[in-house]
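None of the figures in this text is laboratory data; all of them are computed from the coordinates on show. Everything numeric in this text was worked out from a predicted model, so none of it was measured. With ideal geometry, Cβ positions are generated from the backbone for all residues, glycine too; neighbour counts draw on all protein chains shown.
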Amino acid sequence: MKLFKNFSSRYPVLNFLSNRYVLVIIFVIVWMTFLDNYSYFEHQLLNNEIQELEDNKQYYIQEIKKDSTSIKQLRNGDQTEKYAREKYYMKRENEDIYIIEFEEDAPADEDSTSL
């Protein structure tokens, strides 16, 4: 006890820190900041994840709007035929289709690049 009084007379901060309420408050702050499941660092990770999910939500909402517009256009018979001809190379009877591919558009083969 005498040793503690000597230290506290030299360092007045120890008098303040020896108070049990101050010790409990310091313990709670350290616990909540570093050790708890809901710590500050865990909150930062969760906030980043929430932001990423909200960005994904906005992206998918925009994609849904684009797809809805495409669906509305495809209800027209002429647009449906145009889409089928462009995407699936469908044709009418007695009609020939010629597909022209350019070298820039064609995927590069690994065998031809290793020569």
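Descriptive notes on the structure:
- When segment 17-68 is filtered for residues that are part of a helix (DSSP H, G or I) and of a type in the set (Gly, Ala, Ser), only Ser68 remains.
- Residues of segment 69-79 satisfying the condition of being part of a helix (DSSP H, G or I) and either surrounded by 10 or more Cβ atoms within 10 Å (Cβ to Cβ) or in contact (Cβ under 8 Å) with a residue 24 or more places away in the chain (or both): Thr69, Ser70, Lys72, Gln73, Leu74, Gln79
- Remark: Lys91 matches the filter, which requires a residue to be surrounded by 10 or more Cβ atoms within 10 Å (Cβ to Cβ) and not in a helix (DSSP H, G or I).
- Taken over segment 29-53, the residue count meeting the criterion of being of a type in the set (D, E, K, R) and exposed (fewer than 10 other Cβ atoms within 10 Å of the Cβ) is 0.
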